[in-house]
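Below is one structure, written out as structure tokens, with a few remarks after it.
The values are calculated or read from the model by the stated rules, or taken from the named source; none is laboratory data. Every value quoted in this text rests on a predicted model; they were computed, and no experiment measured them. Cβ atoms come from the backbone with ideal geometry, glycine included; neighbour counts cover every protein chain shown.
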Amino acid sequence: MPDGHGTYRGLDLELLDPADESQLEVLMEAMHAEWAGALGSDAEVFLDGEPINPRLHVTMHMVVANRLLADDPPETWQTVQRLAALGYDWHNVMHMIAAVVTEDIHNTLAQRRLFDPVEHAKRLNELPGDWPPPQTDEPG
């Protein structure tokens, strides 16, 4: 987990412990400080023109963070390292992994089947798939 820097809601992020669920939530919310008002309400926000639920979005970040903290499954951390080495930033890596987790949850519920850890690991290994290449600061 990257260390928190600065403050959010009056809290020094560097002092927060990601192993504490409520403090992890603050760290994940701080990654989306631009949504602070929406996170305290039922309001949707728009990302790239699409409406999203900011609370659900932050919750999915927490799911990925908890997997990393528990090293369960270990392929999650391996995926983070591999994608970071390709140049993806932390936030985009979290989104990629959350997309795999979200699809697994959907498939498990919609198809009424058990979670398949082998298939999950395979799909993590396929990332970045069709995600856009990492952004660079160099002129293109």
key: Selection within segment 44-90 - surrounded by fewer than 16 Cβ atoms within 10 Å (Cβ to Cβ) and part of a strand (DSSP E or B)   = Phe46, Leu47, Glu50, Pro51, Ile52
request  = May I ask you to verify whether His106 is in a helix (DSSP H, G or I) and either under 19 Å from Asp130 (Cβ atoms) or of a type in the set (Lys, Arg) (or both)?
outcome  = yes
key: Where a residue in segment 104-124 is farther than 12 Å from Pro73 by Cα and its partner, wherever it lies, is surrounded by 14 or more Cβ atoms within 10 Å (Cβ to Cβ) and among the hydrophobic types (A, V, I, L, M, F, W, C), with Cβ under 6 Å and at least six apart   = Arg123/Val100
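Out of everything in segment 1-33 that is in contact with a Phe, Trp or Tyr (Cβ under 7 Å, 6 or more places away or on another chain) and of a type in the set (A, V, I, L, M, F, W, C), what residue ends up being surrounded by the most Cβ atoms within 10 Å (Cβ to Cβ)? Explain how you work it out, then say what you get.
Kept after step one, since they are in contact with a Phe, Trp or Tyr (Cβ under 7 Å, 6 or more places away or on another chain), are these residues of segment 1-33: 2, 26, 29-30, 33.
Filter once more, so that each one left must be of a type in the set (A, V, I, L, M, F, W, C): 26, 30, 33.
Working: Val26: 16, Ala30: 19, Ala33: 12.
So the residue we want is Ala30.
Can you say whether Glu119 is more than 22 Å from Asp17 (Cα to Cα) and out of contact with any strand residue (DSSP E or B) (no Cβ under 8 Å at 6 or more places or on another chain), as far as the supplied structure shows? Working first, answer last.
Working: more than 22 Å from Asp17 (Cα to Cα): yes; out of contact with any strand residue (DSSP E or B) (no Cβ under 8 Å at 6 or more places or on another chain): yes.
Spelling it out, Glu119 is indeed more than 22 Å from Asp17 (Cα to Cα) and out of contact with any strand residue (DSSP E or B) (no Cβ under 8 Å at 6 or more places or on another chain).
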task = Take Trp35 and decide whether it is at pLDDT 90 or above, within 24 Å of Gln135 (Cβ to Cβ) and either touching a Gly at 6+ places or on another chain (Cβ under 6 Å) or among the aromatic types (Phe, Trp, Tyr) (or both).
result = no
message = Given (1) touching a strand residue (DSSP E or B) at 6+ places or on another chain (Cβ under 9 Å); (2) part of a loop (DSSP other than H, G, I, E, B); (3) hydrophobic (A, V, I, L, M, F, W, C), identify the lone condition not met by Ala19.
response = (1)
Verdict on Ala36 being over 18 Å from Arg123 (Cβ atoms), in contact (Cβ under 8 Å) with a residue 60 or more places away in the chain, surrounded by 11 or more Cβ atoms within 10 Å (Cβ to Cβ) and not assigned by TED's automatic domain parsing to the domain that holds Glu126 = no
